[in-house]
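What follows is a single structure, written as structure tokens, with notes after it.
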Amino acid sequence: MNKELYIFTLLVASFFIHFVFFGQPKEVVFDEVHYGKHINDYLNGTFHFDGHPPLARMSIAGFAKVLGYKPGFDFSHISEKYPDDQYLILRFLPTLAGTLVPLVVFLILQELGLSLFASFAGGLLLALDNGFLAQSRLLLVDAFLLLYGFISVLCYLRYRNHKKKYLLLLAGIFASFAFSVKWTGLSFVALPVVFEGLDIILAVKSGGAGSLKTSGAWFTFTALAVVPFIFYFSIITAYSSILHKSGTGDAFMSTLYQKTMHGN
């Protein structure tokens, strides 16, 4: 088979695996009890505190608003039955993200020089992984973390193989998306930082400090530090702007911050 046929087959298989019996079980599972409340807060504009950055939940909330989701269900406890099919809207984006991750892994394995069949097998094995499958079929955020993180790795590997600077910039942007879902996503920006840092050190060691101008060090710093910080800061700013009403997270913030919220 050619590459396009492998990609098509992998996508079809991953889509079927992730969406067959979509929506089961029809009850609150694990951390859906927290993330569901957060989605309601985004739609209502009420402030909550969470230990993770907000990108994934903001994305789901935006998608839900476009599709007309009404935040009436309170997600009060695990195993609570959903009263209608609106919860399917909330589970859709994580499931779609999980569907796409095996394709990104296939492309990563291609950049690493594996054969088409070996790359296809790697992507298919990930699609069949029970733990990853369970995570991505629920209202959870790990599928977003892996999708953005692996796209960052893919962009960086293509940059190493093809030396096109925009790919390094994309690697930094998608890494910033990954750690805007969870801070563990910082590990995805660590890979290019380590390798590019070593290249810069070797260039300076062999050519002196003047080689910094020709080594691309400033562009590397911009792509892997400045641009990701700008994206992350913008996302956090959006979080603070959307959640402008007094809510359950008030007690975690300073008195001065609380005074900026409506209703406090």
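With Lys164, Lys182, Lys205 as the choices, which residue is without any contact (Cβ under 8 Å) to a residue 12 or more places away in the chain and surrounded by 12 or more Cβ atoms within 10 Å (Cβ to Cβ)?
Lys164
Any idea which of (1) in contact (Cβ under 8 Å) with a residue 40 or more places away in the chain; (2) over 12 Å from Leu147 (Cα atoms) is the one Ala134 doesn't satisfy?
Answer for Ala134: the failing condition is (1).
For (1) surrounded by fewer than 16 Cβ atoms within 10 Å (Cβ to Cβ); (2) modelled with pLDDT of 95 or more; (3) β-branched (Val, Ile, Thr), each residue gets a yes or a no:
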position	(1), (2), (3)
Ile7	no, yes, yes
Ile17	no, yes, yes
Val33	no, yes, yes
Thr46	no, no, yes
Asp50	yes, no, no
Met58	no, yes, no
Phe63	no, yes, no
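With a cut-off of at least 2 residues that are within 20 Å of Tyr42 (Cα to Cα) and of a type outside the set (A, V, I, L, M), name the helices (runs of 4 or more DSSP H) lying wholly within the range 161-264.
Hits in the range 161-264: 165-179, 227-242, 255-258.
Determine whether His77 is in a loop (DSSP other than H, G, I, E, B) and either surrounded by fewer than 22 Cβ atoms within 10 Å (Cβ to Cβ) or of a type outside the set (Val, Ile, Thr) (or both).
Taking the combined requirement at face value, the residue satisfies it.
Go over the candidates Ser152, Ser119, Ser136 one by one and state the one that is more than 14 Å from the chain's Cα centre (by Cα) and among the polar types (S, T, N, Q).
Checking each option against the conditions leaves just Ser119.
Name the residues in the range 231-264 that are without any contact (Cβ under 8 Å) to a residue 40 or more places away in the chain and under 28 Å from Ala175 (Cα atoms), would you?
Phe233, Ser234, Thr237, Ser240, Ser241
Provide a single number: the residues in the range 3-53 that are of a type outside the set (Lys, Arg) and assigned to a helix (DSSP H, G or I).
28
Please verify whether the range 52-75 includes one or more residues that are among the hydroxyl-bearing types (Ser, Thr, Tyr) and closer than 30 Å to Ser241 by Cα.
Yes, that holds for at least one residue.
The values are calculated or read from the model by the stated rules, or taken from the named source; none is laboratory data. Everything numeric here is computed off the predicted structure, so don't read it as measured data. In this analysis, Cβ positions are derived from the backbone assuming ideal geometry, glycine residues included, and neighbour counts consider all displayed protein chains.
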